[in-house]
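The values are calculated or read from the model by the stated rules, or taken from the named source; none is laboratory data. All values reported here derive from a predicted model rather than from experimental measurement. Backbone-built Cβ (ideal geometry, glycine too); neighbour counts: all protein chains shown. Surface areas here come from the heavy atoms of the whole protein model, side chains and all, with no ligands, DNA or RNA. Shrake-Rupley method; radii C 1.70, N 1.55, O 1.52, S 1.80 Å.
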Amino acid sequence: MEKSFNPEEVKKLRGGYYTPSSICEYLSRWAIRSERDSVLEPSCGDGEFVYSAVQQLSNLGTSSKEVNKNVVGVEFNTMEASKAQSRVRQEYSSKFEILNEDFFSVADDFISEGKKFDVVLGNPPFIRYQNFKEEHREIAFRLMRNLGLNPNRLTNSWAPFVAVAASLLKDDGRMAMVIPSELYQVSYAGETRKFLLEHFQKVTLINFRGLLFEGAQQEVILFLGERSSTKQEGLEFLEFDDAEDFINSGFVEGKIKQKLRRALKTSEKWTKYYLEPSEIDIMRDLFEHENVTKSSDFFDVDVGVVTGQNKFFVVDKETTEKYGLENSIIPCITRTNLLQGLNYSKTDWKKSFKDNKFSSLFFKTNDDVESLSSNEKKYIKFGESENFHSGYKCRIRKNWYCVPSVWVPDGFFLRQIHKYPKVVLNTAGACPTDTIHRVKFLSKVPKKLLTLCFLNSMTFAHSEVMGRSYGGGVLTFEPSEAEKLLFPKLPEDFNCELPFKKIDKLLRENRIEEVLDITDKVFLIDFVGLTQVEVDRLRSMWKKLRDRRLNRKLSAKRKKTLH
């Protein structure tokens, strides 16, 4: 089988980022403690990690013959494998070889042979399911299932790399891996999180306030796992400005006094470890509070409409009038910046339409096909002339121009947020595209009260733990995550007088702190029964997590400007 790729393909498969040499050298010093250590690098890339490993062993007195025997580097891409191999041969061992094979096939053989390693080092490729070669994926997923894990179509390639490589460690081995911060956040990594906490007696997570890889939006962390039958169990969470700050910290030299945290061996997200242990305890206690529940008791959250071709289906005033589609459209919303307050009204929609914004959805059902107007037929013909009908989502429909699953929700939930989440009432009768989630209210509590109740420091703090941020500063929610937020357990007969219009105005003026002063008092102090000190702590937790997320984006921008 041909295993060569051009440079652009390599970049795509690897996510465009290799680990800085300084990090590779530092982690090799931490992981490799003896000249007799055996080392596995399951995804060599251009060889930075394997070179650093050989360098560390040589510094400890390992001969070139022993290096050849004890260091195993694996790389599927022929060009990268050759590059990594040549680099080691030139400086350390003329007979050193990289296994130019798929790691999971190699690992399968190692497991059958009972082969184990003292050290695992690496930066596994970040390949999405659809780009993960089927023959490799089948072996990888089988090996994961053998470990008690259940991968699915969302599973990125780094997860089996990490789990399978970890399983190849000896009982006193160490693993240092560069892993995407998805490990902390995504649901499909839940079992991997649990597995790692069970497999390693001590876990250290190294985090960076900025982005480690220049030019990439993917946030990564350094995972350092230690297996031992004698060491105290626990997890340590450390944060540094950048690679230089980490290397100068004295971590490897033992100059940082670590404080092991109690880590529950569950699939719960690790984002919470950006908080202090006492703050995590506050969050965990709220899950057991009699007046606190999950947002799913009050909201059913679903994705917005997937048109398959917004350029055709989402129209502005000019297009509507040009083709005479006034009776063929429904109000639509595509951008979160149009949801400034707590209510998206008919007045808001009319203003967007008047301003010639893309605010309407061309909507016909399959039942309408026989009665299409001449104007509608003309517009459909225009769409076909532009080849809009050939896109995947369109061509698999009975009639390509009939968008399925169009229904008007009670409200909206922002799929991607900047500063804080919110539920917005939909009194415009608008249907959102998939940039915004649809919300159905499930409770008899007045809708306005529920939208106000969502604006509280407890729900905000938990949203930063439940959502996902990939390095660009934006917090993203899937519907299932939006339904799992901590929420006051309001009874159906709950009622109180709150100034909805005033709070709506404050939100539009970006005065969220003043809003929280009002809503926290009503919902968290008076109803849930928290003290002002506890509420202040929750708000501080929210701001800490939010600011960290936003500051990473600013840090990346500053770094880009400097370069």
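First measure r as the distance between the Cβ atoms of Tyr188 and Asn366, then evaluate 1/(1 + (r/R0)^6) with R0 = 41 Å and state the FRET efficiency to the nearest 0.05. Write out the running numbers ahead of the final one.
Details: r = 35 Å, r/R0 = 0.85.
Computed FRET efficiency for Tyr188 and Asn366: 0.75.
May I ask you to give the percent of accessible area on segment 82-192 that is carbon plus sulfur, with a probe radius of 1.4 Å? Walk me through the numbers before you get to the answer.
Working: 1860 of 4550 Å².
Exposed carbon and sulfur together represent 41 percent of the surface.
Using modelled amide H (1.01 Å from N, peptide plane; none on Pro or chain starts), what sits under 5 Å from the amide H of Glu239, excluding residues fewer than 5 places away?
Asn207
Round to the nearest 10 and give me the degree value, 0 to 90, for the angle of helix 532-562's Cα axis relative to the longest principal axis of the chain.
70 degrees
Would you mind telling me the share, in percent, of accessible area of segment 245-379 contributed by carbon and sulfur at probe 1.4 angstrom?
Values: 3300 of 7210 Å².
That share works out to 46 percent.
Might you report the magnitude of the Cβ-based charge dipole of segment 261-323 about its Cα centre, with Lys and Arg at +1 and Asp and Glu at -1, to the nearest 20 debye? Before the final figure, lay out each step's value.
Numbers: 10 positive and 13 negative charges, 84 e Å.
So the dipole magnitude of segment 261-323 works out to roughly 400 debye.
Between Leu147 and Asp172, what length comes free when the chain is fully extended (0.36 nm per residue of separation minus the Cα-Cα distance, one decimal in nm)? Mind dumping the intermediate values first?
Working: separation 25, 0.36 × 25 = 9.00 nm, distance 1.89 nm.
Separation in residues times 0.36 nm, less the Cα-Cα distance, equals 7.1 nm.
On a 0 to 90° scale, report how tilted helix 277-287 is relative to the longest principal axis of the chain, with both axes built from alpha carbons and the result rounded to the nearest 10.
Helix 277-287 and the main axis of the chain meet at about 40 degrees.
Of Phe460, Val50, Leu361, which is farthest along the charge dipole of the chain in the positive direction, counting Lys and Arg as +1 and Asp and Glu as -1 at C-beta?
With unit charges placed on the Cβ atoms, the residue in question is Leu361.
Below 12 angstrom from the Cβ of Leu339, what's the summed charge of the other residues (Lys, Arg +1; Asp, Glu -1)? It would help to have the intermediate numbers written out before the result.
Numbers: positive: Arg335, Arg415, Lys422, Arg508; negative: Asp348, Asp504.
Here the charged neighbours net out to +2.
Residue farthest toward the positive end of the dipole of segment 284-339, with Cβ of Lys/Arg at +1 and Asp/Glu at -1: which of Cys332, Val292, Phe313?
Projecting each Cα onto the dipole axis, the largest value belongs to Phe313.
With r as the distance between the Cβ atoms of Ser21 and Lys65 and R0 = 25 Å, compute the FRET efficiency 1/(1 + (r/R0)^6) and round to 0.05. The partial results should precede the final answer.
Values: r = 25 Å, r/R0 = 1.02.
In this case the efficiency is close to 0.45.
Report D for segment 444-514 in µm² per second (integer): Stokes-Einstein, Kirkwood Rh on Cα pairs, 37 °C, 0.692 mPa s.
Details: Rh = 13.9 Å.
The calculation lands on 237 µm²/s.
If I fit a long axis through the Cα atoms of helix 48-59 and take the longest principal axis of the Cα atoms of the chain, what angle between them do I get, 0 to 90°, rounded to 10?
30 degrees
Classify segment 53-95: rounded, prolate or oblate, from the alpha-carbon gyration tensor (a ≥ b ≥ c, eigenvalue square roots; a/c under 1.5 rounded; otherwise prolate if a/b is larger than b/c)?
Numbers: a/c = 2.31, a/b = 1.92, b/c = 1.20.
Taking the square roots of the gyration eigenvalues as a ≥ b ≥ c, segment 53-95 is prolate.
So what is the 222 nm mean residue ellipticity for the chain from helices alone, if each DSSP H run of at least 4 adds -39500 (n - 2.57) and you divide by all residues, rounding to the nearest 500 deg cm²/dmol? Intermediate results must be reported in sequence, preceding the final value.
Working: 23 runs with 221 residues, N = 563.
When only DSSP H runs of four or more count, the value is -11500 deg cm²/dmol.
From Cα pairs below 8 angstrom and at least 6 apart in sequence, can you work out the relative contact order of the chain, rounded to a whole percent?
On the way: 1000 pairs, mean separation 67.4, N = 563.
Here the relative contact order equals 12 percent.
How many nm separate the modelled label positions at Phe382 and Thr347, each set 7 Å beyond the Cα in the direction of the Cβ?
If labels sit at Phe382 and Thr347, their model points lie 3.2 nm apart.
Work out the FRET efficiency for Lys489 and Glu101 from their Cβ-Cβ distance, taking R0 = 60 Å, and round it to the nearest 0.05. Present the calculation step by step, with values, prior to reporting the outcome.
On the way: r = 55 Å, r/R0 = 0.92.
According to the calculation, E is roughly 0.65.
Using the heavy atoms of the protein chains alone and a 1.4 angstrom probe, what is the accessible area of the chain per residue in square angstrom?
45 Å²
Relative to the Cα centre, what is the charge dipole magnitude of segment 305-384, using +1 at the beta carbon of each Lys and Arg, -1 at the beta carbon of each Asp and Glu, and rounding to the nearest 20 debye? Walk me through the intermediate numbers first.
Values: 13 positive and 11 negative charges, 64 e Å.
Dipole of segment 305-384, to the nearest 20 debye: 300 debye.
Report the gain in length on full extension from Glu135 to Ser228: 0.36 nm times residue separation, minus Cα-Cα distance, nm rounded to one decimal. Walk me through the numbers on the way to the answer.
Working: separation 93, 0.36 × 93 = 33.48 nm, distance 3.46 nm.
Difference between extended and current length: 30.0 nm.
Can you give the Kirkwood hydrodynamic radius for the chain, in Å, rounded to one decimal and based on Cα pairs?
Working: mean 1/r = 0.0379 Å⁻¹.
After inverting the mean inverse Cα-Cα distance, the result is 26.4 Å.
May I ask you to list the lysines whose Cα is less than 25 Å away from that of Lys350, ignoring any residue fewer than eight positions away on the same chain?
Cα-Cα hits under 25 Å: Lys311, Lys317, Lys322, Lys364, Lys422, Lys440, Lys447, Lys448, Lys501, Lys502, Lys505.
When only Cα pairs under 8 Å and 6 or more residues apart are kept, what is the percent relative contact order across segment 411-470?
Numbers: 52 pairs, mean separation 21.2, N = 60.
Averaging sequence separation for qualifying contacts and normalising by length gives 35 percent for segment 411-470.
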